[in-house]
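The values are calculated or read from the model by the stated rules, or taken from the named source; none is laboratory data. It should be emphasised that the depicted structure is a prediction, and the values quoted were computed from it without experimental measurement. Cβ sites come from the backbone with ideal geometry, for glycine too, and all protein chains shown count toward neighbours. To get the accessible areas, we keep the full protein, side chains included, count just its heavy atoms, and leave off ligands, DNA and RNA. Shrake-Rupley method; radii C 1.70, N 1.55, O 1.52, S 1.80 Å.
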2 protein chains.
Amino acid sequence: MIQRVRGTRDFTPQDMSRRRQLEDLLRRISRDYGYREIQTPVLENAELFVTKSGPGVLNEMYSFEDKGGRAIALRPELTAPIIRFYVNDLTNLPMPLKLFCISSCFRYEEPQSGRYREFYQYDVEIIGSEKAEADAELLLLADDLCRRLGLNEVEFRIGHVGIIRGLLDAAGMPQDRQSELLRLVDKKKLDEARAYMLSEGVSEADAGDILATCQKKGDREVLKGLKGEASEYLERVIRLAEKGGASNLSLDLGVVRGLDYYTGLVFEIDAPELGAEKQICGGGSYALAELFGGQPVQSTGMAFGFDRLILAMEKTGQLAPEEGIELFILAVTPAQSEEMVRLAGGARKAGISTEFDLMGRSMSKSLKYASSRGARYALILGEREMAAGKVLLRDMDNGEQSEIGIGSVVDELRQRLAVR
Amino acid sequence: MIQRVRGTRDFTPQDMSRRRQLEDLLRRISRDYGYREIQTPVLENAELFVTKSGPGVLNEMYSFEDKGGRAIALRPELTAPIIRFYVNDLTNLPMPLKLFCISSCFRYEEPQSGRYREFYQYDVEIIGSEKAEADAELLLLADDLCRRLGLNEVEFRIGHVGIIRGLLDAAGMPQDRQSELLRLVDKKKLDEARAYMLSEGVSEADAGDILATCQKKGDREVLKGLKGEASEYLERVIRLAEKGGASNLSLDLGVVRGLDYYTGLVFEIDAPELGAEKQICGGGSYALAELFGGQPVQSTGMAFGFDRLILAMEKTGQLAPEEGIELFILAVTPAQSEEMVRLAGGARKAGISTEFDLMGRSMSKSLKYASSRGARYALILGEREMAAGKVLLRDMDNGEQSEIGIGSVVDELRQRLAVR
C-alpha cells in the first residue's frame, strides 16, 4: 500500500461535515463583523518568511528549490502572505482593510498529538488603522467567536509590548537590546531575564519592578499605577471592547510574543476545556508591510487554530451529525431500472436529495445501504406494483410502507418532507 | 517587493465571493445527488502519481525530497489521492462510495493563459459499482451541473475504450500493443495510428474500419451496427442517463483518454462558450485500487476545472456581486466612540452585519468608506443628537436621514432590513 505522508491527514465525510460546519460559522461571524474573505497561494518565495521571522524558519517549514533554483516554501502561516498580497496589489483599496481567510498551512517538524504537518488556520487581519478601535474590534470578534463556540472557560491573556519596553527605556536599556529580553519573558524564563537585565546594566530595583510587572494578571485594575502611553492605550482598548459586549477579557502583562514585528497589543487565548493543547489563538498589532518593501502601515490581526476549534466544538456538543439523503430509490429487478433513474431525476429536480441503487443487490441489502446513508425515505419499485402504476414508499425511520401512485411520488415526498 | 510565485494567484474579496458561490453550488448539487465530501492532503508520496501515470509525471509536478530523503509531491490531481485514501482506510464503508472534493492541485509547467501552477478541481468519484447505473449517474450530475451553470452550448463527447479495443482484438492486435494505438487516437494522430496498425499486422480493411469508428460522433444512432458488450453497455448508459433527464449527451467514439487505467466509459465535456479553453471536464471508469496495493474495485469518476467553471458562470451572468454590510456606525468626535462600539455590539448580536469606524476620519470620508463597503445604512453619532438621546440613521441608497431614539436603533434596523 502507498501510505499517506507522515503528519498529514485524510478527512472522511464525517470529518468534512464537521469541518464545513466550523467554516460556515467562521464565515458567518466574519461577515457579521464586516470582514471580507481573501486567499493566497500555498506556494510562496521562501524569502517572504525569512524576511519576517529570520533564517531559523527555514528549519521549520517545507522549502525546496524549484527547477529554476528559486527557494520556494509551503506557507507556514497566513499573515506574511496576506501582507505580501496587500503590498503588491491592495494598497489602493479604501482603508481599513478587514480581511479573513481559512486556509491550510504547513510545518516540517516531528508530528505530535494535535500538531500536524498540514494544518489549518482561521486568520483575521485589519490593515490601515492605528486606533484602539481596531484592536478592540479584533478582541470583540474573538470574544464573540468563543461564545458562539460554547467555550465558557476561555481565558484571554492580553498584553502590550510597549509596557515592558517603556519600563526598559526608563531603566536605561537601549532598544536594540530589548528584543532578547522580550524573548526570554515570552518563554517565561524569568530568572534568565533578570540575569540578562543585570548584565545589561539595569539596576536590581528596576529589574525587580519589571519582572513584577511581567507577572501582573487580571482585569483592568492591573494597569493602575502604570504610567505611559502603552498602558493608557491598552486600558482604552479593553474599555472599548467591554462596551461592545466582550465579557471574557483579562490581562497578562507577561504576554509579549517574542517577535520584533509586534508593535503594540499582543494577546493569546486559551480554552482550558481542551487540556494540554489549550491555546486556540494568538494575535497582536504589527508592522510588516515595510519589511516586504511597501509603505509603512499599521496592522493588527490574529490566527485561530482550526483544528483546535473543531476539538472545542466537539467538546461543547456544537456539531450536528452529517446530513443524510432524503430519498433512496431501488429497482427490485433490472426491468425497473429505467423508471428508477427517471423518478430520481424528477425528485432531484424538485430539490429532494436522492440516490438510486447502483449495485443491483437484494432489497434488504439495498435498504441497509440506504439506512447507512441516513435516507429518510426509500422508494421501492417492484414489478407487480409498477404494473398497477404504483410504487412502495417506505418511511426509513419507522419502517412503515404505503403504496402511492407513480405520478404522485414527488408531490407526496414534498409534502412529507415539508420541503425547503 | 517580494513577489508572488510565478503561475500562482492571490484572490481578492471579489474573487473569493465568486469562488464561494461556485463552491456552494457544487456542494449543493453534490449533496442533492448523494455525494459526500472528503479531503486529502496537498502532500503525497511521489510514488503515488508515478504508480498511476508513469515516471514522466515527475517532470510535470512539483516534487522534492524531504529531509528524510523521501520523494514528496504536491498533488497534481485528486483521483489518485482519493483511491489511496479508499485503499488505506475506507474499504469497510458500505458500497457504493459516492465521494466528491473541491481542492487545489499543482503542476509545474510554464504558466499560460488560464493554466495556473496552483489550480482547483471539483472531483467526483463513485467507488464500488460496475453497473451502467453508476456511469449514468455521473453523466446525470455533469449534465445537471452544466444546466445549473447556464452552459447551453455544452458538448459531451462520450466514448468507451472497450469499443476500439474490441475491434483491435478482432483484428488480431495483442492487448499489450493496443495502448500505444489508443494514445495515438487520443491525440487525434490518425495517420500515425493507421501506420502503427499496419506495422502491427492489422489489415488495411480492418485499420480503415477502426479509424472510421474512431471518427463516429452523434447520438445513440452511431452505435448502430457495432457489436459487442462495450457498445451495448454504452448504449445502456446513455439510455439510462436520458431517462434521468440528461439532455446534452452525445457520443464521440474517438475519445479514448490515452491512459491504461481507464476500463470502460470515457468522456470529456466542452463548453464552447469559453473559447480556446473550452474543455471543462474529463472522466471515465477506471481500475486503480489494485495498482495502489488494494483489492480490485471498479470506479468511475470525473474532474471539472474549477477555474473554468468560474469563467463559465461569469459568461452566463450567474455570479452575484459581493455582499455588502448592512450597517456602518461612525462617531462624529472621539467622545462618541464608546457608544459607537456599544451600538455595534447590539446590532451584531441582533444578526445585523455591522462595521464601526476604525479610522477617526471626517464624516464625509467615513461615509465614502461605508459606501465602498456596500453599507445599506449608516448610523451617525453626533454630539448634539446624542445629548438628546438620538442618533442619525442614513439610508445609504437614497441619502435620506432621520433621527431615531438611541434605544430603538436595533428595532428600527430590524424592521427596515426585514431581518433574516
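Annotations for the structure displayed:
- Residue list for region A:266-285, filter: of a type in the set (Lys, Arg) and either closer than 30 Å to A:THR354 by Cβ or open to solvent by less than 10 Å² (accessible area, probe 1.4 Å) (or both): none
- Identity of the residue in region A:42-72, more than 16 Å from A:ARG107 (Cβ to Cβ) and in contact with a Phe, Trp or Tyr (Cβ under 9 Å, 6 or more places away or on another chain), that ends up surrounded by the fewest Cβ atoms within 10 Å (Cβ to Cβ): A:LYS67
- For region A:178-227, a tally of residues being in a helix (DSSP H, G or I) and more than 33 Å from the chain's Cα centre (by Cα) returns 18.
- Residue within region A:349-367 that is surrounded by 20 or more Cβ atoms within 10 Å (Cβ to Cβ), more than 9 Å from chain B (Cβ to nearest Cβ) and of a type outside the set (A, V, I, L, M, F, W, C) present: yes
- Residue match in region A:110-120 (condition: of a type in the set (Gly, Ala, Ser) and assigned to a helix (DSSP H, G or I)): no
- Scope region A:121-144; condition within 12 Å of chain B (Cβ to nearest Cβ) and assigned to a helix (DSSP H, G or I); matching residues: A:ALA132, A:GLU133, A:ALA134, A:ASP135, A:ALA136, A:GLU137, A:LEU138, A:LEU139, A:LEU140, A:LEU141, A:ASP143, A:ASP144
- Residue within region A:90-97 that is under 30 Å from B:ALA347 (Cβ atoms) and in a helix (DSSP H, G or I) present: yes
- Of all residues in region A:69-79, those satisfying the criterion of being out of contact with any Ser or Thr (no Cβ under 8 Å at 6 or more places or on another chain), more than 9 Å from chain B (Cβ to nearest Cβ) and either more than 18 Å from B:PHE11 (Cβ to Cβ) or not β-branched (Val, Ile, Thr) (or both) are A:GLY69, A:PRO76, A:GLU77.
- Residue within region B:30-38 that is open to solvent by 20 Å² or more (accessible area, probe 1.4 Å), of a type outside the set (Asp, Glu), touching a helix residue (DSSP H, G or I) at 6+ places or on another chain (Cβ under 7 Å) and at the interface with chain A (Cβ under 8 Å from one of its Cβ atoms) present: yes
- In region A:63-89, the residues that are within 24 Å of A:CYS281 (Cβ to Cβ) and assigned to a loop (DSSP other than H, G, I, E, B): A:ARG75, A:PRO76, A:GLU77, A:LEU78
- Identity of the residue in region B:1-28, among the hydrophobic types (A, V, I, L, M, F, W, C) and either facing another protein chain (nearest Cβ under 9 Å) or surrounded by fewer than 19 Cβ atoms within 10 Å (Cβ to Cβ) (or both), that ends up farthest from B:GLU110 (Cα to Cα): B:LEU25
- Test result for A:GLU44, under 26 Å from A:GLY258 (Cα atoms) and either at the interface with chain B (Cβ under 10 Å from one of its Cβ atoms) or β-branched (Val, Ile, Thr) (or both): yes
- Residue within region B:145-156 that is open to solvent by 10 Å² or more (accessible area, probe 1.4 Å), within 14 Å of another protein chain (Cβ to nearest Cβ) and part of a helix (DSSP H, G or I) present: yes
- Region B:378-400, residues that are part of a strand (DSSP E or B) and under 22 Å from B:ALA335 (Cα atoms): B:ALA378, B:LEU379, B:ILE380, B:LEU381, B:LYS390, B:VAL391, B:LEU392, B:LEU393, B:ARG394
- Filter result (surrounded by 18 or more Cβ atoms within 10 Å (Cβ to Cβ) and part of a helix (DSSP H, G or I)) within region B:157-177: B:VAL161, B:GLY162, B:ILE163, B:ILE164, B:ARG165, B:GLY166, B:LEU167, B:LEU168
- Once region B:368-379 is narrowed to residues that are more than 8 Å from every other protein chain (Cβ to nearest Cβ) and out of contact with any Asp or Glu (no Cβ under 8 Å at 6 or more places or on another chain), the residue that is surrounded by the fewest Cβ atoms within 10 Å (Cβ to Cβ) is B:SER371.
- Screening A:GLU47, A:GLU60 for residues that are at pLDDT below 95 and of a type in the set (Asp, Glu) leaves exactly one candidate, A:GLU60.
- Count - residues of region B:286-335 that are open to solvent by 10 Å² or more (accessible area, probe 1.4 Å), among the small types (Gly, Ala, Ser) and within 22 Å of B:GLU23 (Cα to Cα): 5
- Of all the numbered requirements in (1) closer than 23 Å to B:ARG84 by Cβ; (2) touching a residue at least 12 places away in the same chain (Cβ under 8 Å); (3) part of a helix (DSSP H, G or I), B:VAL50 misses one, and that requirement is (2).
Results for (1) within 21 Å of the chain's Cα centre (by Cα); (2) in a helix (DSSP H, G or I); (3) within 24 Å of A:LEU309 (Cα to Cα), shown as yes or no for each residue.
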residue	(1), (2), (3)
A:ASP15	yes, yes, yes
A:ARG27	yes, yes, yes
A:GLU44	yes, no, no
A:MET61	yes, no, yes
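- Applying the criterion of being over 25 Å from B:LEU26 (Cα atoms) and more than 8 Å from every other protein chain (Cβ to nearest Cβ) to the residues of region B:84-118, the residue that is farthest from the chain's Cα centre (by Cα) is B:ASN92.
- Selection within region B:234-248 - within 30 Å of B:GLU180 (Cα to Cα) and either in contact with a helix residue (DSSP H, G or I) (Cβ under 6 Å, 6 or more places away or on another chain) or surrounded by fewer than 18 Cβ atoms within 10 Å (Cβ to Cβ) (or both): B:GLU235, B:ARG236, B:VAL237, B:ILE238
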